[in-house]
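The values are calculated or read from the model by the stated rules, or taken from the named source; none is laboratory data. Not measured: the values here are computed from a predicted model. Quick reminder, even Gly has a Cβ in these numbers, built from the backbone with ideal geometry, and neighbours come from all protein chains shown.
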Amino acid sequence: MKLHATDILVIFWLGLFAVSTVRGSVASQIAPKSACVDLSTQELDIRRLVKYETQHIPVKAVMFITKRGIKICVQPDLKWVQDAIKFLDKGPVRRRPNNKPVSKPKPKPKPKPKGN
């Protein structure tokens, strides 16, 4: 049985496709999120926190994320941690309303009627 050039190319491309499919399925798996292993004992300024995540494995912890993207893990049963979670659950802090009087736009002058 003779193999023609097109048969060899088809076999080559099928082999290449199979290898790339296997590699792609391994690479496309979701990478695990960062997990807390060590817990900080320092109290954080809640005004610098933007969100939090809870975890139960490998340790029970709350991971706070700061405005700069820094992740800090703490014990979830501390009072200040519970207060910070309540603060973040309320949503963004609204700024004070501007009490300056709003100036009204000046009315446009009416065109003068043309005299006859």
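Of all residues in region 34-62, those satisfying the criterion of being in a strand (DSSP E or B), under 14 Å from W80 (Cα atoms) and not polar (S, T, N, Q) are L49, Y52, A61, V62. Looking only at residues that are assigned to a loop (DSSP other than H, G, I, E, B) and at pLDDT 70 or above in region 70-102, which one is surrounded by the most Cβ atoms within 10 Å (Cβ to Cβ)? It comes out as P76.
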